[in-house]
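To start, the structure under review is shown below, and the notes come after it.
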Amino acid sequence: MPEKIRYTLTAHAVTVMSEREISVTWLERVLANPEQVEPDKIDPELRHALGRIPERDDRVLRVVYNKDIDPWRVVTAYFDRAMRGKL
């Protein structure tokens, strides 16, 4: 079994996950096994992990995080409408 990813959530991430009804299970699934990873366009320390969420009609969850620190720091998460159907 793969090692569980250690991460923390910023206060912003906690708030938006609640508002957007994003479960921790989905976030952990995308962090552990992303379908795509992109660098952030502004901050070189940040990465974007993307993955489809079958429980939400295959909407694409984008998780923005800093993996250069231990534990990883999740900055935000949201369903990326622009990526729907592209993964």
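Here are some notes:
- Directionally averaged shadow of the chain, computed from the convex hull of its alpha-carbon atoms, nm²: 5.8
- Computed over protein heavy atoms with a 1.4 Å probe, the accessible surface of the stretch 9-87 works out to 60 Å² per residue.
- Among 65-75, 14-24, 34-44, the peptide with the highest mean count of other Cβ atoms within 10 Å heads the list, and the full ranking is 65-75, 14-24, 34-44.
- The mean sequence distance of close C-alpha pairs (under 8 Å, at least 6 residues apart), as a share of the length of the stretch 23-87, puts its relative contact order at 26 percent.
The values are calculated or read from the model by the stated rules, or taken from the named source; none is laboratory data. What you are looking at is a predicted structure, and each value in this text was computed from that prediction instead of being measured. Glycine gets a Cβ as well: all are built from the backbone with ideal geometry, and neighbour counts include every protein chain shown. Each accessible area value is taken on the protein alone, full model and side chains, heavy atoms only, with ligands, DNA and RNA left out. Shrake-Rupley method; radii C 1.70, N 1.55, O 1.52, S 1.80 Å.
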